[in-house]
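What follows is a single structure, written as structure tokens, with notes after it.
The values are calculated or read from the model by the stated rules, or taken from the named source; none is laboratory data. Computed from a predicted model, the values in this text were never measured in an experiment. Ideal geometry is used to build each Cβ from the backbone, glycine not excepted, and the neighbour counts take in all protein chains shown.
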Amino acid sequence: MNCIQLGDIHLHYREDGDPKGRPVVFANSLGTDFRLWDDVIARLPQNLRIIRYDKRGHGLSACPPAPYTMGTLVRDAEQLLDALKVRDCVFVGLSIGGMIAQGLAAKRLDQIRAVVLSNTAPKIGTREIWQDRIAMVETEGLTAMSDAIMERWFAKPFRESTAMLPWKRMVETTPAHGYAGCSAAIAGTDFYTTTAALRLPALAIAGDHDGSTPPDLIREMAELIPGARFVLIRGTGHLPCVEKPEAYAALLIEFLREIGHLEGAA
């Protein structure tokens, strides 16, 4: 396990693959830790430098009191990449991780060569929706919310299998301050103008059963970025990297090859 101190916060991160390879950075969703990417990373070529981390309030990273801002979450990622001497990476972000990707790409083009914006949008939900969720976390806890979260996250066949149970448990054990803090960050974020100004290779991924960021919302985001490619993974919800990791990894590999970030045999 690796932790790094970045000012007032320590973040838990992991590196896989080739330390001298071209970097690919993964940022996970609300209510998950970096194990979200396990099954995808296992299918990626190992000549890449693969980095993933737990954002503040999640996993084994520090959990300061809520609320957080999106600017703070973007700065955490920025400082982590600086500390690890990462430049020209492909940043893969899912849900709130995709919002971090949008903010970081606008701020640090030296760090970000391309983005994969998965099950995300420049604005997700309304401030009122997030305020209601924060209030519920604070009064009833995440266990009271986990069934509804699973409904939004996964297609019915996955929800009805035992494969769903670890993900439900992961949500329920997320620190309340961390979940509430990141929910506040999402509530305060509107990146439509920021994302429309991006000029870099982008892949937008949606799941056709996504109850959190529906495909039309993701398609709309993709249309903001000139040349961005939109892909729908059928039979998946908000976390297609969990439900169909083979398809997800294949899309990443194809995108990395298209932009010249991956060479040689898999």
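Quick look at the numbers
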| quantity | calculated |
| --- | --- |
| Any hit, the stretch 127-136, residues being more than 22 Å from Val171 (Cα to Cα), modelled with pLDDT of 95 or more and surrounded by 15 or more Cβ atoms within 10 Å (Cβ to Cβ) | no |
| Number of the condition not met by Ile51 [criteria: (1) closer than 19 Å to Val115 by Cα; (2) part of a helix (DSSP H, G or I); (3) β-branched (Val, Ile, Thr)] | (2) |
| Candidates Val40, Val24, Val74, filtered to the one that is in contact with a Phe, Trp or Tyr (Cβ under 6 Å, 6 or more places away or on another chain), touching a residue at least 12 places away in the same chain (Cβ under 8 Å) and buried (at least 20 other Cβ atoms within 10 Å of the Cβ) | Val40 |
| Hits in the stretch 225-250 (condition: of a type in the set (Gly, Ala, Ser), more than 24 Å from Arg199 (Cα to Cα) and in a loop (DSSP other than H, G, I, E, B)) | Gly235, Gly237 |
| For Glu220: the one exception among (1) under 17 Å from the mean Cα position of the chain (by Cα); (2) acidic (Asp, Glu); (3) part of a helix (DSSP H, G or I) | (1) |
| Any hit, the stretch 87-94, residues being within 24 Å of Pro240 (Cα to Cα), small (Gly, Ala, Ser) and assigned to a loop (DSSP other than H, G, I, E, B) | no |
| Asn47 being over 26 Å from Ala184 (Cα atoms), touching a strand residue (DSSP E or B) at 6+ places or on another chain (Cβ under 8 Å), among the polar types (S, T, N, Q) and modelled with pLDDT of 95 or more | yes |
| Filter result for Thr143 (β-branched (Val, Ile, Thr), in a helix (DSSP H, G or I) and over 28 Å from Leu60 (Cα atoms)) | no |
| Output for the stretch 135-159, where each listed residue is without any contact (Cβ under 8 Å) to a residue 60 or more places away in the chain and closer than 13 Å to Gly235 by Cβ | Lys156, Arg159 |
